Amino acid sequence: MATDYPTSLPPVPDDPETAWQAQRVSDTVFERPDEGWPSATTTFAIDASTATEAELRVLAWIHHSYEDDLRQATATAESQAGPDRWHVSLRILGEF
């Protein structure tokens, strides 16, 4: 399942990198199709008890800490990286 932005986001702790063990785990991959919007996809690791919670936390963290334009962004929990830890891909559409 994927979570699209905008959605209701959870509160973000003062230091999400520490509280949620949030970290970037891949380089950003840019796609520029002949038709439609270009996209940028990055994978993150984050602590959460469910896939949905992980997706929401990644959106909240990026929105809070980096103030990226997340309109039309989609977070998808790709795999469980350990107990209560997930790999989440974040795909953002736009001009890069």
*asked:* Calculate log10 I(q)/I(0) of the chain for q = 0.17, 0.25 Å⁻¹, where I(q) comes from the Debye formula with a single equal point scatterer on each Cα and nothing for solvent.
replied: -0.68, -1.38
*Would you mind calculating the gained length between THR28 and MET1 on full extension (0.36 nm times residue separation, minus the Cα-Cα distance), in nm to one decimal?*
7.6 nm
*Which value, in Å², gives the accessible area per residue of the chain when a 1.4 Å probe is used on the protein heavy atoms?*
60
*Exposure rule at most 15 other beta-carbon atoms within 10 Å, DSSP loop GluC sites (Glu not before Pro): the chain longest free segment*: 1-34
*asked:* Can you tell me, using C-alpha contacts under 8 Å and at least 6 residues apart, the relative contact order of the chain as a whole percent?
replied: 34
_For a quick check of your reading of the filter: which trypsin sites (Lys or Arg not before Pro) in region 10-74 sit in a DSSP loop and have no more than 14 other Cβ atoms within 10 Å?_
ARG71
*Assuming R0 = 25 Å, can you tell me the calculated FRET efficiency for the pair GLN72 and GLU17, based on Cβ-Cβ distance, to the nearest 0.05?*
0.50
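The values are calculated or read from the model by the stated rules, or taken from the named source; none is laboratory data. In this text the structure is predicted, and so the values were computed from the model without any measurement. Positions of Cβ are backbone-derived with ideal geometry, glycine not excepted, and every protein chain shown enters the neighbour counts. The area values use the complete protein model at the heavy-atom level, side chains included, leaving out ligands, DNA and RNA. Shrake-Rupley method; radii C 1.70, N 1.55, O 1.52, S 1.80 Å.
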